[in-house]
1. Measure off 7 Å from each Cα along the Cα-to-Cβ vector at LYS307 and LEU287, then give the distance between these two points in nanometres to one decimal.
2. Two decimals, Cα atoms only, Kirkwood Rh: what is Rg/Rh over region 412-544?
3. About the Cα centre, and with charges only on the beta carbon of Lys, Arg (+1) and Asp, Glu (-1), how big is the dipole of region 381-447? Nearest 20 debye, please.
4. Distance between Cα centroids, region 237-256 to region 402-440: provide it in whole Å.
5. Tell me the per residue accessible area of the chain using a 1.4 Å probe; a whole number in Å² is fine.
6. If you bin the C-alpha pair distances of region 352-415 every 5 Å from 0, what whole percents do you get?
7. Roughly how tilted is helix 36-63, in degrees to the nearest 10 and between 0 and 90, from the longest Cα axis of the chain?
8. Take every DSSP beta bridge whose two residues both sit in the chain, then give the antiparallel share in percent to the nearest 5.
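The values are calculated or read from the model by the stated rules, or taken from the named source; none is laboratory data. Just so it is clear, the model here is predicted, and its values are computed rather than measured. All Cβ positions, glycine included, derive from the backbone under ideal geometry; neighbour counts span all protein chains shown. Surface accessibility is based on the protein's heavy atoms, side chains included, excluding ligands, DNA and RNA. Shrake-Rupley method; radii C 1.70, N 1.55, O 1.52, S 1.80 Å.
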Amino acid sequence: MLGTAASAATISPTTAHAANTIRRAFHSNPFNSLSSSHHSILCARFRCLSLRSFTAVSTKAMSHPQTLDAPHPQSSAAGNKQALISLSDKKDLALLGNGLQELGYTIVSTGGTASALENAGVSVTKVEQLTCFPEMLDGRVKTLHPNIHGGILARRDQKHHMEALNKYGIGTFDVVVVNLYPFYDKVTSMGGIAFDDGIENIDIGGPAMIRAAAKNHKDVLVVVDSQDYPALLEFLEGSQDDQQFRRKLAWKAFEHVASYDSAVSEWLWKQTVGDKFPPSLTVPLSLKSSLRYGENPHQKAAFYVDKSLSEVNAGGIATAIQHHGKEMSYNNYLDADAAWNCVSEFRNPTCVVVKHTNPCGVASRDDILEAYRLAVKADPVSAFGGIVAFNIEVDEALAKEIREFRSPTDGETRMFYEIVVAPKYTEKGLEILRGKSKTLRILEAKKNEKGKLSLRQVGGGWLAQDSDDLTPEDIQFNVVSEKKPQDNELCDAEFAWLCVKHVKSNAIVIAKDNRMLGMGSGQPNRLESLRIALRKAGDEVKGAALASDAFFPFAWKDAVEEACESGIGVIAEPGGSIRDGDAVDCCNKYGVSLLLTNVRHFKH
């Protein structure tokens, strides 16, 4: 048994000299220039010497147990500092390689990275010169070897670690720079990727080196991001060791591998089972920005982008381009998301105005200028300071209208908005909107894809569900009353129903002629939501359509009868109440059409 007290000093001078001679031979002769027989002989001699060294040390250790006064860390077998570089993404590689070389580092590298470094004028020791093994198994095995991982994982403050390296002629690595096969890009590329190709793009050696270096970050600096190259070189030039810097790089390394593994896991689950709700779920989030505060000034906040494979090119506010204005706030993101999700549901040119995540104005028209005016008119008080969204391009004419439009309440006050969001803008349209206000946030977004997973946090856990993607085209509006709706009334009911799914429960929307007249939201009882919506609709309620996000629990002397008495022409609701019969009878009494959708649209 080999005790921890053995030291390199116990190796006979002849054996140590021979081992160093072989090692220098590897460093001075590029591996690819050796014949296969020369390589085999050289490696065999080195392995034999290592074995003899082990035997000599082991025997000496058993007969003379002693300890070192202090560990003798060596940065490499030749006494130099070593850096291991293996990159898939070779951005700024020349900067890194030359910088490390100027600082006196011996560069050890693999395959294409080594070639790129040599082309940049950097001297390179190839990995196979250390491992005495060529790359094998179609590149699956290159760095998975004790001569590599021993040099990364050895703790410099542990005597027996350093003695083990000395015995086997293994040098330490001070810097490890690795990034991984582009699995994420490959599996999300246009047209997809074959299963076998996806498997071959799963990196094995890279994560192993990154994790090893990150674990041993006290002695090894690990870098996975080219943006950190300047900071790394600056740190190495200094004379002070900063453990916080090392820990930050280690954290980033583990995060990098974790995100990579989550992509592999997500992809493989879909290839294997495909169920939307796996037994365990990892959501990789990437910090996009620190926010001034959360919902309130005393709450700190930040915004993260979901890097799940399912979100690649899937649209949404998170990936919107901001062309102008003040930085987005926590509440801005919530409101913009609500406005964009709502307006994206409509096929015809549509404008949606949102305040506190509720659509307070919606209108569809062939003339988008008219749609904008009508959306604001639905509730101009709420629209002031809100978010305005369009589902078509904002051109010069629309931009001028947004900039100059006066509030319908007094005809004088120019409307103010926090955000304008649209799928695209003309150059002139952008120029005009930028002139409206220095703070106006102008967002360009892509429509959300259907079928997304919706996540919501509760204390100690998360709720997951399918997104609510149903539109009027996906359901049946079943007539259960004696009076059947006219075609225009049915269109109004469909429009109101599409609006109400975006209003917070309990939700009521009154609409006519493809525009919202009034809405009631967030009330603990449906009757109060109805009364708010009726008040906002005013005299225009006569003959209008009413949509409810859920069934009416009562009809007589309640919401259904009050709606009928106010002049509503058609009501659309899910049904499902034990008193649905009362709602039918009530509508029949007042000559109102009643449509049951069998689809509820709760929104909490």
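1. So the two model labels end up 1.3 nm from each other.
2. 1.04
3. Using only the charged Cβ atoms, the result is roughly 220 debye.
4. Between the Cα centres of region 237-256 and region 402-440 lies a distance of 47 Å.
5. On a per-residue basis, the chain sits at 49 Å².
6. Percent of Cα pairs in each bin: 4, 20, 32, 27, 15, 3.
7. Computed tilt is about 80 degrees.
8. 55 percent
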